[in-house]
Structure formats: C-alpha cells, structure tokens
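K.L.:
Handing you this structure, nothing more for now.
What follows draws every value from the coordinates through simple rules; no lab data is involved. As the structure is a prediction and not an experimental result, all values here were calculated from the model. For neighbour counting, all protein chains shown are included, and Cβ atoms are generated from backbone atoms with ideal geometry for every residue, glycine included.
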Amino acid sequence: MADEVKPERKQITPKERAEKMTERMAKEYGLNDTQKKELLDLNQTLTEKMGDRPAGPRHHGKRGDMAKAHKNPKANKEGNVTRENRERKDKDRVLPDQDGRKNRADAPKLSAEEREKRMQEMKKVREDYQAQLQKIMNADQYQAFTKKQAEREQKRQERGDKTKENRSKRSTSEKGKKQV
C-alpha cells in the first residue's frame with residue numbers, strides 16, 4: 001500500500017471566513033436581509049483584524065480522521081506503529097500557521113508581555129464585536145447568541161479539563177513505569 005498524502009487544507013481568506021460566519025449566524029438566529037448585510041460588514045471587519053488565522057479546531061482535522069488514525073495501515077503485525085513510520089509521518093506533517101509558515105517551530109516566540117498585550121487586544125476586539133452585534137440583533141436573537149456562546153465556552157472548558165486530567169494520568173503512569 002503506497003503512502004497516502006493528504007492534500008494541504010485550503011486556507012480561506014478573511015472575506016470568505018466572514019461570509020461563512022454570516023451565513024451560519026443568519027440561519028442560526030433567523031436574521032433578516034438588513035441584519036445580514038450589517039453582520040457581514042461587522043464580520044469582515046472582525047476577520048480582517050484577526051488576519052489569516054486558521055479557523056476551527058486546533059487539531060487541524062475532523063474527529064473522524066482522528067478515529068481512523070487508530071486503524072493505522074502503517075502499523076506492524078502487532079498493531080504498533082513502527083519507529084520508522086512514526087518518524088516519516090512526523091517529518092511529512094506540515095501544517096501552515098497564521099503567517100503562512102509551514103512549521104510552528106519557526107514561529108517567533110512571544111514574551112509574556114507581548115502575549116498579554118495580544119490577549120488584551122483580542123479581548124477588546126471581541127467586546128467591540130459583541131457591542132456592535134447587540135445593535136444589529138433584536139433582544140431575542142442576541143439572547144440566543146449569548147446563550148450559545150456560554151455553551152461553547154463551557155464545552156471548551158470541559159475539553160480543557162479533560163486534557164489536563166489525561167496529561168496528569170499520563171505523567172503519573174510514566175513516573176510509575178520509571179520506578180519499576
């Protein structure tokens with residue numbers, strides 16, 4: 001079986017991202033044509049401020065792809081991925097970052113002050129966005145939006161907690177193996 005090479009995921013432009021956001025939100029919150037036009041302008045402003053960042057989850061794929069990885073065709077008879085195949089996979093894995101570079105290792109490291117400054121800038125952008133969104137939507141639509149945002153934040157928090165828990169379990173089990 002030949003090694004399959006996945007095509008590089010297409011980076012969408014800020015304008016395309018704004019259009020997708022607008023269509024999804026218009027459908028989800030029942031916006032009229034006037035609201036859609038105002039929201040598109042707002043979303044274009046937002047996506048331009050955010051730049052060409054990858055949209056969506058950070059795992060750069062779909063959950064189905066992650067499940068398929070467990071049925072790895074590069075595994076040996078025992079079902080273990082061989083060192084050679086793992087190294088080849090790591091070498092071949094190239095994901096574009098927000099600046100178009102192919103490897104995050106090349107990305108400049110931010111100091112704590114720079115990271116804090118960026119976080120504050122993004123927080124201000126989100127607050128401004130929500131203030132404008134509140135002017136565009138009616139009270140019921142905006143209430144549904146804030147409820148959905150709270151649910152998404154809760155799910156993010158739960159995923160983060162699970163990740164921390166799994167890391168803790170792994171490090172505990174690794175310590176136990178080293179002692180044996």
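K.L.:
If you count, for each residue, the other Cβ atoms within 10 Å and average over each peptide, how do 164-171, 41-48 line up from highest to lowest?
P.N.:
Averaged packing, sorted descending, gives the order 41-48, 164-171.
K.L.:
Can I ask one more? How much net charge surrounds Thr146 when only other residues with a Cβ under 12 Å from its Cβ are counted (Lys, Arg +1; Asp, Glu -1)?
P.N.:
My count for the surroundings of Thr146 gives 0.
K.L.:
Which length gain, in nm to one decimal place, applies between Thr163 and Lys36 when the Cα-Cα distance is subtracted from 0.36 nm times their residue separation?
P.N.:
42.0 nm
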